[in-house]
Each structure stands twice: as structure tokens, then as C-alpha cells.
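Comments concern the structure below.
Each reported figure results from applying straightforward, stated rules to the coordinates on display, with no laboratory input. These figures come from a predicted structure and were not determined experimentally. Heads up, the Cβs are rebuilt from the backbone with ideal geometry, glycines too, and the neighbour counts pull from every protein chain shown.
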């Protein structure tokens, strides 16, 4: 099962697997947290995530991965009030120059969502964020087999139901 303490720690440590080529085809589980774990993307009601407009915007940009990156396919995901879990596959199809790296994919996502969020603060009155929308880094896990994939899918599915037990829970 996923150890949530691996990606919620305040201690700065290398989060990437040293020596691994993150442009390699395969499945990857990624978690991105809002800066200071502020709940900006909706709320949990009766074990179900109810996305607000900002959460719907995050969802929209997630599904744009496949349009922006020819070698990326989107799988399971869940947007939580202050973080976002998702699985993508680096397919290795139609790639040139070695393909997209996880860091370039995540940076693009953070840029797109931050820019749209800022526009919506100005135009639609969305809540402001302090400094940055997203935390500096992200957490990733290389999915190496079917059992791990199934465990992560289960974790994603039950994440809203288990919200009150989450380290990032804010009532």
C-alpha cells in the first residue's frame, strides 16, 4: 500500500529515484499538493469529492496531458481538497528526442493550472493563494507490476472516503 508519509514530509530530500530515466515508457503514480496544503479544489461530502470550479479546472488540465504529450495516456485520478493523485502511462509511442519526462509533464501541468487559477482569481473572484498554487516538488512512484497498479487504483478510489484519516485532512 502507499505510504502517505513519503510525500507529505516537510524534510527536503531527493524525491526522484536516482539513476532512473523518467522518460522511459511505463506507468507512474504522481501526487501534487497545493502550497501549504490549502483546500482550494472542493470539499469531501459523505465520502465523495465535490469539485468546485477550481477542482474542475484541475480535472480539465489533467485530461489535456494526452493532447499536449503524444506519449502520455491518462488513467485513474482523484482530485482532493488540497492535493491531486493520478496515474499516467508513458507509452513510448510517437516520441522524438527521447520522449517527455515526468518533470516536464508536471511542470507544464502546474504552469497551466496556475495561470488559469490566477485569471480566475482576477475575473471570477476565486480565493487567492499565498505565493504559489502548488508545492515546489511532487511525489512519484514507478508502477512495476499489476498488483501495485491495482493497490494504487484502490488507494485513489478510496481516498475521498478516507479523507478524515489523511495527514492532509483539514475540517
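With a simple spin-label model that places each label point 7 Å from the Cα along the Cα-to-Cβ direction, the separation between residue 67 and residue 120 comes to 1.6 nm.
Here the Debye sum runs over all C-alpha atoms of the stretch 84-171 as equal scatterers in vacuum, and log10 of I(q)/I(0) at q = 0.11, 0.15 Å⁻¹ comes out as -0.48, -0.86.
Pulled fully out, how much extra length does the chain show between residue 132 and residue 43, if you take 0.36 nm times their separation in residues and subtract their Cα-Cα distance? Mind showing how you got there, number by number?
Numbers: separation 89, 0.36 × 89 = 32.04 nm, distance 2.05 nm.
Full-extension gain reported as 30.0 nm.
Of 137, 100, the sequence from fewest to most neighbouring Cβ atoms within 10 angstrom is 137, 100. Find the percent of Cα-Cα distances in the stretch 22-171 that exceed 21 Å, and round it to a whole number. The answer is 45 percent, as a whole percent. The distance between label points at residue 53 and residue 107 comes to 3.1 nm (points 7 Å beyond Cα on the Cα→Cβ vector).
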